[in-house]
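A short reminder: the numbers here are calculations on the coordinates, not readings from a lab. These numbers were taken from a predicted model, which means no experiment stands behind them. Positions of Cβ are backbone-derived with ideal geometry, glycine not excepted, and every protein chain shown enters the neighbour counts.
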Amino acid sequence: MRQYDAVVIGAGNGGLTAAVRLAQGGAKVLLVEKHNLPGGFATSFRRGRFEFEASLHELNDFGAADNAGDVRVLFDELGVTDKIEWIPIPDAYRVICSAEKLDATMPFGVDAFVEKMEKYVPGSRKSVRAFFDLAEEVRLAQAYTNSSNGKVDSKYMVEHFGNFVRCGSYSVNEVLRSLHMPKRAREILSAYWCYLGANLDDMSFVHYASMVNRYILRGAMSPKSRSHEISLALVERIRELGGEVLFNTEAVRILTNEEGICGVVLDDGTEIGTRHVVANCSPHVVYGKLIENVPERIVRATNARKFAGRGFTMFLGLNESADELGIKNHNYFLYDTMDSVAQYEKMRTIEENDVQATVCLNRAQPDCSPEGTCMMYFTTLYMEDDWARIKPQAYFKAKEFVANRMIDRFEQDTGAKIRGAIEEISVATPMTYARYCGHPQGVIYGYESQYWDGLMPRLQMMGEDYENGIRGLRFASGWSMRLSGYSSSYFAGDIAGRQTVGDIKREG
């Protein structure tokens, strides 16, 4: 039997990062991936003469070399920053809600953001500035929590991050109202909520504030050769450090004994001996398919969680340039209403969901497609498993229905005329994501951020969750302690990898 200190299952963002951290810590590590390419969602694909980005809109909290954000610091530590060519994103976002006559384009940089908000909403400057001051304290408090692996000193937390403690149990809407922020400013500031997939009455303020601060503080970046460039750089780094990576290799069972993890079985029958597994996949998949005789307490805890958004993405290759078509911005949010609770409810069904987060990559990287062309990605979420009711014979009709709605909505809200320029079109539904990545119901956002299961509860419960789980098993993905998103998945892999190195050293 081949023996490894740790086996990482899945070469998504979290698994790749965890494998680098394990190898850096001196562990003998094996990474197995059932696909023939690394990255999971962090990849690209070709249709005709276009190479589409599969999922990344922009990578936040990166920053410049002399003003590095937390993501850049992590990539520096992993040894991959210089393996990737980075392109800056020009603006933060444009949010449009025609029903409420809102159309605002917001910049990166806290000072610039505050001043632009003041122009849109006179009298908002003080409250918006207060939001970013509080959001920065949230970021620092989270950095402390990460460094302590969830074992925080409550006295230290109160003394150094008192405002964070005060707002930690409140929702986004509750805190924004307490800051006396004008309603219009709250609406503009709330545009990013669909990136986290929970309405702002339910979403923890510290989670949202952390994300917005990371976006606005230092801007965002995109890899020139799509997110697949990041995935390839991480694989190269794993191998440089002596780790082993196997593609076209699926882990079909995780073996356990009375002590915990004791091995992994691959799809060709090979049995790998190990006491540690980092799973870059859903706990529902791990406990439901890969491990036998899972303790009831773990089953109950896993089933108590709520699935977040199921993904739908349309990719367009257009045979005219962005300028010719009137596409002015990189990142659009198009809403029916700026009331996130009402909008969330409309996102439960195929017929009512008319929301989109849309990117034109050419606005950040003009030469990402052939001259005289441009590419766009349209994404929405479904908050219920509504696609499960679509009969097989109606599947393609449902895809076309949503795709047409997306195109009509974009043309109506922005004035850009794109339908006549479509050269290539590809559509991914929840079924696509379920098949491609094995996610239950095609969920792309992991478990929804709830009061009891949000960012801070998960970070603070890391130690207890591990002790009450299966010894030697940790998770690293959008399903784990940092929730969904690119940067969150990288940080989750970082935490899981470092913790597993510590476990290995303690065990000798």
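Here, the chain is characterised by an Rg to Rh ratio of 0.95, where Rg is the alpha-carbon radius of gyration and Rh the Kirkwood radius. Note on Val165 and Asn36: the extension gain reaches 41.9 nm, defined as 0.36 nm multiplied by sequence separation minus the Cα-Cα distance.
So what is log10(I(q)/I(0)) for the stretch 251-363 at q = 0.18 1/Å, when the Debye sum runs over its Cα atoms only? Once normalised to I(0) and log-transformed, intensities are -0.95. Computed from the Cα positions only, the extents of the stretch 309-440 along the three principal axes stand at 41, 33, 24 Å, in decreasing order. Estimated at 0.36 nm per residue, the fully extended path between Arg297 and Glu324 surpasses their Cα-Cα distance by 3.9 nm. Scoring 217-227, 335-345 by mean Cβ neighbours within 10 Å over their residues and listing the highest first yields 217-227, 335-345. Spin-label pair Ala99-Glu85: with each label point 7 Å from Cα along the Cα-Cβ axis, the two points sit 4.4 nm from one another. Taking the number of Cβ atoms within 10 Å of each Cβ as an exposure proxy, the fewest-first ranking of Asp494, Asp408, Asp61, Asp503 is Asp408, Asp503, Asp494, Asp61. Computed on the stretch 52-184, the Cα convex hull volume stands at 172 Å³ per residue. Relative protection proxy for 266-272, 178-184, from highest mean packing down: 178-184, 266-272 (other beta-carbon atoms within 10 angstrom). Working note: 222 nm ellipticity from helices only, DSSP H runs with n ≥ 4, each -39,500 (n - 2.57), summed and divided by the residues of the chain, gives -11500 deg cm²/dmol to the nearest 500. The packing ranking of peptides 137-148, 458-469, 286-297, highest mean first, is 137-148, 458-469, 286-297, where packing means the average number of other beta carbon atoms within 10 angstrom of each residue. Here the simple spin-label model places points 7 Å from the Cα toward Cβ, and for Glu136 and Phe45 these points are separated by 4.3 nm. Taken along the Cα-to-beta-carbon direction at a fixed 7 Å, the label points for Val158 and Gln412 span 5.4 nm. The charge dipole of the chain, taken about its Cα centre with unit charges on the Cβ atoms of Lys, Arg (+1), Asp and Glu (-1) only, comes to about 440 debye. Size estimate for the stretch 108-168 follows the Kirkwood approach: the inverse of mean 1/r over distinct Cα pairs works out to 12.9 Å. Once the C-beta distance of Tyr395 and Val341 is scaled by a Förster radius of 41 Å, the resulting FRET efficiency is 0.85 to the nearest 0.05. How much length is gained if the chain between Ser148 and Glu118 is pulled fully straight, taking 0.36 nm per residue apart and subtracting their Cα-Cα distance, in nm to one decimal? Extending this stretch completely gives an extra 6.9 nm. Using C-alpha pairs under 8 Å with a sequence gap of at least 6, the mean separation divided by the residue count of the chain gives a relative contact order of 25 percent. Placing unit charges on the Cβ atoms of the charged side chains and taking the dipole of the chain about its Cα centre, the candidate lying farthest along the positive direction among Pro370, His207, His35 is His207. Would you mind classifying the stretch 108-217 by shape? Square roots of the alpha carbon gyration tensor eigenvalues, ordered a ≥ b ≥ c; an a/c under 1.5 is rounded, otherwise it is prolate if a/b is larger than b/c and oblate if not. Prolate, because a/c is 1.5 or more and a/b exceeds b/c.
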